[in-house]
Amino acid sequence: MLKKSHISNIQIYTQEWDDIRKGRFTSSRISEIIGEEGVTNSTGRGYVYQKAGEKITGKSMADQDDVIEDENTAWGREHEPAAIRKFCQIKGIEFLVSQKIILDPASNESSTPDAIWVHGESTVSEDEYNVSTLEVKCPRKYNRFIPLWECDTPEKLKKYSKKYYWQVMHQMRVCGAAVGYFACYHPLFPPDTNMSIIEFRKIDLWDDFKKLHQRIEQANRIYFEYQCKFQGVKAAQ
């Protein structure tokens, strides 16, 4: 379940959006701490150091992957709204909540699914929604779209792109969703075949959700260890 208070109205891709993500582990890069060696490898630790540094300094020294804006990225953003509409058409949905950053103020995680499918209020609490998440990708190049389009299960997506797989898993975690969706779309392909959709069911992916939880706990221990170290150095000066 997703608490209503965890849904922010901050506009995506704005300075405010960038600011609130500082020091928070985000879905788009969470795969960096999920490798077999967990957070102990250089990639995992590097990501944790980046986020710990943002929390300590209040400033972001963004990696190149965070700031590059090329024609492929621009293409994806341009066609993302059409992809979301296509998903709605296929699933018979009248309305999706799109591009809202989700975060628990008490946590150092955040997520910005491309859309959230609100099924209704929780039967347990009126302060919560029952939701599913949606992540869409619109690869511009055919040699990226076709292999992605052929992925029709979470397992196949995981094999093809661990980054996308764990992105969906983390979105579901942050949003408290039992079901999540991954869709890929290309506007130039025939309308009947220009989108593929993968359904993620938490109950079927329980072992990987436990792995994700363990990796985040591991990352948090390092994150807070260095936060305390640097705060201690500063306090002693």
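Here, each number is a calculation from the coordinates, and none is a lab measurement. The structure displayed is predicted, hence computed values, not measured ones. As a convention, Cβ positions derive from the backbone with ideal geometry for all residues, glycine included, and neighbour counts pool all protein chains shown.
Apply the a/c threshold of 1.5 to the C-alpha gyration tensor of the chain and tell me whether it is rounded, prolate or oblate.
It comes out prolate by the Cα gyration axes.
Please tell me the relative contact order of the chain in percent, rounded to the nearest whole number, where contacts are Cα pairs under 8 Å and at least six residues apart.
Relative contact order for the chain comes out at 24 percent.
Okay, helix-only estimate at 222 nm for the chain: each DSSP H run of n ≥ 4 adds -39500 (n - 2.57), divide by all residues, round to 500 deg cm²/dmol; what do you get? If you can, show how the numbers build up before the last one.
On the way: 8 runs with 108 residues, N = 237.
Calculated mean residue ellipticity at 222 nm is -14500 deg cm²/dmol.
Excluding Lys159 itself, what net charge comes from residues whose Cβ is under 14 Å from its Cβ, given Lys and Arg +1 and Asp and Glu -1?
After counting each charged neighbour, the total is 0.
So what are the ³J(HN,Hα) numbers for region 203-210, from phi and the Karplus equation (6.51, -1.76, 1.60; θ = phi - 60°), rounded to whole Hz, Gly and Pro as x?
Couplings: 4, 8, 10, 4, 4, 6, 5, 5 Hz.
Note down the net charge around Val48, summing +1 for each Lys or Arg and -1 for each Asp or Glu among other residues with Cβ under 10 Å from its Cβ.
That works out to +1.
Can you bin region 155-206 into rounded, prolate or oblate? Criterion: square roots of the alpha carbon gyration tensor eigenvalues sorted a ≥ b ≥ c, rounded for a/c under 1.5, prolate for a/b above b/c, oblate for the rest.
Cα axes put region 155-206 in the prolate bin.
Karplus couplings for region 90-100 from phi (6.51 cos²θ - 1.76 cosθ + 1.60, θ = phi - 60°), rounded to Hz, Gly and Pro as x?
5, 8, x, 9, 7, 8, 10, 7, 10, 6, 10
Out of all DSSP beta bridges with both ends in region 2-236, state the antiparallel percent to the nearest 5. Present the calculation step by step, with values, prior to reporting the outcome.
Details: 20 of 28 bridges.
Looking only at bridges with both residues in region 2-236, the antiparallel portion is about 70 percent.
HN-Hα J couplings of region 26-42 from phi, Karplus 6.51/-1.76/1.60, θ = phi - 60°, integer Hz, Gly and Pro as x?
Listing the rounded values in order: 10, 4, 5, 10, 5, 4, 5, 10, 9, x, 4, 8, x, 8, 7, 7, 5 Hz.
Going by how many other beta carbons lie within 10 Å of each one, how would you line up Leu157, Leu205, fewest first?
Leu205, Leu157
5 Å is the cut-off here: which amide hydrogens, built 1.01 Å from N in the peptide plane, fall below it relative to Tyr181, excluding neighbours closer than 5 in sequence?
Amide H neighbours of Tyr181: Thr133, Leu134, Glu135, Phe200.
Give the order of Ile198, Ile116 when sorted by the count of other beta carbons within 10 angstrom, beginning with the fewest. Write down the numbers at each step before the final one.
Values: Ile198 21, Ile116 24.
Arranged by neighbour count, lowest to highest, Ile198, Ile116 become Ile198, Ile116.
Give me the number: length gained by fully extending His213 to Ser42, i.e. 0.36 nm times residue separation minus the C-alpha to C-alpha distance, one decimal in nm.
Length difference between fully extended and current span is 59.6 nm.
Under a 10 Å cutoff between Cα atoms, tell me which one of Asn41, Asn130, Asn108 has the largest fluctuation in the Gaussian network model of the chain.
Sorting by GNM fluctuation, first place goes to Asn41.
So which residue, out of Glu78, Glu121, Glu54, gets the largest mean-square fluctuation from a GNM of the chain using Cα contacts under 10 Å as springs?
With Cα springs under 10 Å in the chain, the top fluctuation among Glu78, Glu121, Glu54 is at Glu78.
Sequence-distant or interchain residues sharing an amide H contact under 5 Å with Gln99, placed H: which?
Ala115, Ile116
What ranking do Val39, Val118 get, fewest neighbouring Cβ atoms within 10 angstrom at the top? The partial results should precede the final answer.
Working: Val39 23, Val118 16.
With the fewest neighbours first, Val39, Val118 line up as Val118, Val39.
Starting from the amide H of Gly23, placed 1.01 Å from N in the peptide plane, find each other amide H under 5 Å away whose residue is 5 or more places distant or on another chain.
Amide H to amide H, under 5 Å and 5 or more residues apart or across chains, Gly23 pairs with Glu54, Lys55.
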